[in-house]
Amino acid sequence: MEKLEEQAGRLQARYDSLQTRSGSGVRKLSSATDELGKLQRERDSFLAWQGQRESELAELEGATCDLAALRRHVGDARTLSADVMSHKADLRFVALSADKFQAEAQAYLSQLNDNRKAHEMEPLVEAEGLVRCSVDEASERYDALLDKCHTLSDQLSTVDDKSKQYGEAVEKARTWLDGAEKSAHEQLTAPADADPRAVQDHLARLKVVNADVMAQRRLVEGAGAAHAALAAALEHGSEEEQGKLAAAVEEVERRYEEVGVRLLGTFKYGRISPIGRGSKGCVRGVMSRTVGYHRGFRKFVP
């Protein structure tokens, strides 16, 4: 009877131990399962958001071939870049959930191997970290998305700035040309007086117009430089778009050359509006004193 009671006690102890280990194992397995569920929900939500932002990025990248559309999307690109940066915390939550699941799974596997060892069974080897691989893949996609967003935002901002500079440079040159053409026309078509002093005054006014034309060549050159900078920044621009930008600068250059050529011809050949015959010698005399000025002007006229 005593032996039977002893065996029953050992059996009860084994049962209690088994129940304790089983209960602990079930709790660990349940905890790992809960963490896996949380991880899957957070990862799926993050991947869905990431897919939407990748689609938005692709649409914005397609707008870089149209200058008007590109300028409209500068704010959109900045907003997208800021949104992607703000979701970096979501990726950290996904990684944290993966770490928690790995810890719970490792604890369950460790206890399971202890039970197998007690029954002289081979321990189970931890499988490859599929969960960790999926998180690493999402992280790589996120880093690539963030880098592309920053690049696109910088590119659009650069093109926007260059476009504004180009527009301002061309408009400034056109505005000056409107006034220069008017002044040149007034001086070149104004009738000259037979009085030598009046002729000198007339030539003095022409010199002022010439000096302004020479000094303001920088506006034409500025328009050309702004166009070159914009064309370089707009690397994916269509041929039609590039042609429109070049045409505006070519128009400015043509108008400038026309004004310069007309003024140069007037000084070179003494072609001033009809004056009295008696003033011809005065004109030649005045013109002979302006040779140095003429030579300097030629340097600025193509």
Based on what the data block shows, is Ser97 among the hydroxyl-bearing types (Ser, Thr, Tyr), surrounded by 15 or more Cβ atoms within 10 Å (Cβ to Cβ) and closer than 30 Å to Glu257 by Cβ?
no
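Taking the stated definitions as given, is Leu146 of a type in the set (A, V, I, L, M), touching a residue at least 12 places away in the same chain (Cβ under 8 Å) and more than 30 Å from Leu219 (Cβ to Cβ)? Show your work before the answer.
Values: of a type in the set (A, V, I, L, M): yes; touching a residue at least 12 places away in the same chain (Cβ under 8 Å): yes; more than 30 Å from Leu219 (Cβ to Cβ): yes.
It is true that Leu146 is of a type in the set (A, V, I, L, M), touching a residue at least 12 places away in the same chain (Cβ under 8 Å) and more than 30 Å from Leu219 (Cβ to Cβ).
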Can you tell me which residues in region 169-189 are without any contact (Cβ under 8 Å) to a residue 40 or more places away in the chain and either exposed (fewer than 15 other Cβ atoms within 10 Å of the Cβ) or not assigned by TED's automatic domain parsing to the domain that holds Val261 (or both)?
Glu171, Thr175, Asp178, Gly179, Lys182, His185, Glu186
A careful count of residues in region 75-86 that are crowded, with 17+ Cβ neighbours inside 10 Å and not small (Gly, Ala, Ser) gives 2
Just give me the residues in region 26-74 being surrounded by fewer than 18 Cβ atoms within 10 Å (Cβ to Cβ), over 26 Å from Asp147 (Cα atoms) and at pLDDT below 85, in sequence order.
Val26, Arg27, Leu29, Ser30, Ser31
Of everything in region 187-202, what is acidic (Asp, Glu) and in contact with a helix residue (DSSP H, G or I) (Cβ under 9 Å, 6 or more places away or on another chain)? Give them in sequence order.
Asp193, Asp195
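How about region 225-246: which of its residues are of a type in the set (S, T, N, Q) and surrounded by 15 or more Cβ atoms within 10 Å (Cβ to Cβ)? Please lay out each step first, then the result.
Quick first cut of region 225-246, residues of a type in the set (S, T, N, Q) only: 238, 242.
Of everything in region 225-246, just one residue is of a type in the set (S, T, N, Q) and surrounded by 15 or more Cβ atoms within 10 Å (Cβ to Cβ), namely Gln242.
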Taking into account only those residues within region 190-224 that are under 46 Å from the mean Cα position of the chain (by Cα) and of a type in the set (D, E, K, R), which is surrounded by the fewest Cβ atoms within 10 Å (Cβ to Cβ)?
Arg218
Within region 118-169, the residues that are farther than 30 Å from Ala226 by Cβ, small (Gly, Ala, Ser) and more than 18 Å from the chain's Cα centre (by Cα) are Ala118, Ala127, Gly129, Ser134, Ala138, Ser139
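The values are calculated or read from the model by the stated rules, or taken from the named source; none is laboratory data. These figures come from a predicted structure and were not determined experimentally. Backbone-built Cβ (ideal geometry, glycine too); neighbour counts: all protein chains shown.
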